[in-house]
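The values are calculated or read from the model by the stated rules, or taken from the named source; none is laboratory data. All values reported here derive from a predicted model rather than from experimental measurement. Don't worry about glycine lacking a Cβ; one is built from the backbone with ideal geometry, like all the others, and counts go over all protein chains shown. Heads up: the accessible areas ignore ligands, DNA and RNA and are worked out on the full protein's heavy atoms, side chains in. Shrake-Rupley method; radii C 1.70, N 1.55, O 1.52, S 1.80 Å.
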Amino acid sequence: MTARRRTMRRVAGALVALIILVPLPCVAIDWLVFVVDRSNSIDERELALQRNAYIRLLSDAAVISALGDTHVAIVEFDTHPEIVVDWTDPESAARQYLRKWPVGLRGQTGIGGALGTALALLVGKSGRLVIDISGDGKDNVDSMLLEKMRATADEQGVEINGLAIMTPDVPEIDRYYSRQVVNGFVLPVEEDGDFKSALKRKLFYEVAGTRPPAETDEVDLAVAGR
């Protein structure tokens, strides 16, 4: 990790602490879909880490308090998406996800199909609608569908934010997510990083109605209002 990136992470951590410790106006999330990559680019260890992280996140007292009355659903995806937890409260979602881990062969990275399933869950819902997607690879199933689903999210006022898992195989996956997947923000996490802490950081940025510090060529660090 470069000195510049280490500095950025320290500043980002300080800003997250500020968001958590200093009361800020909250931007209520009414309906939240977590979309989780289980494709064959994610090995069994990584998949277990991801699932455990979501279960711990949704069981975290601070997260439960921050989400309030938010309705939560969880979709996992490879070639085909699957709704593994339908609409419920955060604590119930954690319990259901713990009991209902999908099994079977895993396929390719179908981000477009996953977003399509998440958007279908949000049809007819009102308020602030958010899709949180995490993964480590590019769509290799149907890139045209991905483009269409991202445009549909824009049309329907659905916010898509991402957590990009940084690996040597796809070193710029965060840039790909920014340009091709989300219409909100992307937060990168190292492959061997603390996935649960990264999820929690992203969630608090969303609830606070802010963006994470943005990396630019001039190393511009700021939390920008949405």
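Just the number please: accessible area per residue for the range 125-209, 1.4 Å probe, all protein chains included, in Å².
Using a 1.4 Å probe on heavy atoms only, each residue of the range 125-209 averages 42 Å².
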Surface share of carbon and sulfur [accessible, 1.4 angstrom probe, percent] for the range 33-101: 50 percent
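Using the Cα gyration tensor of the range 27-89, with a ≥ b ≥ c the square roots of its eigenvalues, what is the shape: rounded (a/c below 1.5), prolate (a/b larger than b/c) or oblate (neither)? Kindly include the intermediate steps, with their values, before the conclusion.
On the way: a/c = 3.00, a/b = 1.64, b/c = 1.83.
Since a/c reaches 1.5 but b/c is at least a/b, the shape of the range 27-89 is classed as oblate.
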Leu163 long-range amide H proximity, modeled H, under 5 Å: Ile133, Ser134, Gly135, Leu187
Nearest-10 value in Å² for the accessible area of Arg150, using the 1.4 Å probe: 60 Å²
Length gained when the stretch Met144-Asp89 is fully extended (0.36 nm per residue, less Cα-Cα span): 16.5 nm
Computed E for Lys125/Glu44 - FRET, C-beta separation, R0 25 angstrom, nearest 0.05: 0.15
Prolate/oblate/rounded label for the range 40-131 (Cα gyration tensor, a/c 1.5): oblate
Under 5 Å, built H, 5+ apart or other chain: amide partners of Thr79: Gly107, Gln108, Gly110
Sorted largest first, extent of the range 113-167 alpha carbons per principal axis (Å): 36, 21, 15
Cα shape, the range 69-212, gyration tensor, a/c 1.5 rule: rounded
Spatial separation of Cα centroids for the range 154-208 and the range 73-122, in angstrom: 17 Å
